[in-house]
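Notes to accompany the following structure.
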Amino acid sequence: QVHLVESGGGLVAAGGSVRLSCVASGGTFGYYAMGWFRQAPGKEREFVAAISRSGDNTYYSDSVKGRFTISRDNAKNCNYLQMTSLKSEDTAVYYCAAVWTYSDLVYTQYDYWGQGTQVTVSS
């Protein structure tokens, strides 16, 4: 069972950038497809981005496409979300997620979750 810990959140000005990190432990990281979700106050959790086991395949929600980049470093057991051109509507708790898989596909449903990291964008 994999354990996920996010970091890198904080307060950032609109138009700025921030990189979130997610470190995994307790499993073979290279066998997990990874994703990022977010939940704003009063709203349901929503999908943000996904990356396959190898990192060769990625997928983004329309709301972040072109502004956010998901990546991973399997040697470091780490998954990243680079966020640029931030808007006030990006304010949310961001969650890292993982699902074990044999394939190199991307997923939007996951089995393991981190505790989340807050990103607040000030306008």
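Couple of notes before you dig in:
- Tally of residues being open to solvent by less than 50 Å² (accessible area, probe 1.4 Å), closer than 12 Å to G35 by Cα, part of a strand (DSSP E or B) and not charged (D, E, K, R) across region 58-72: 3
- Members of region 23-45 that are exposed (fewer than 15 other Cβ atoms within 10 Å of the Cβ) and part of a loop (DSSP other than H, G, I, E, B): G26, T28, A40, P41, G42, K43, E44
- Filter pass, T91 being among the β-branched types (V, I, T) and under 23 Å from L11 (Cα atoms): yes
- One residue from Y95, Y110, Y80 being open to solvent by 10 Å² or more (accessible area, probe 1.4 Å), under 20 Å from E44 (Cα atoms) and assigned to a strand (DSSP E or B): Y95
- Test: S103 is at pLDDT below 95 and open to solvent by less than 60 Å² (accessible area, probe 1.4 Å): yes
- Residue in region 46-57 that is farthest from Y95 (Cα to Cα), counting only those that are open to solvent by less than 40 Å² (accessible area, probe 1.4 Å) and over 12 Å from the mean Cα position of the chain (by Cα): G55
- Residue match in region 5-22 (condition: within 13 Å of the chain's Cα centre (by Cα), open to solvent by 30 Å² or more (accessible area, probe 1.4 Å), at pLDDT 95 or above and under 18 Å from T108 (Cβ atoms)): no
The values are calculated or read from the model by the stated rules, or taken from the named source; none is laboratory data. All values reported here derive from a predicted model rather than from experimental measurement. Positions of Cβ are generated from backbone atoms using ideal geometry, with glycine treated the same way; all protein chains shown enter the neighbour counts. In case anyone asks, the SASA skips ligands and DNA or RNA and just uses the protein heavy atoms, side chains included. Shrake-Rupley method; radii C 1.70, N 1.55, O 1.52, S 1.80 Å.
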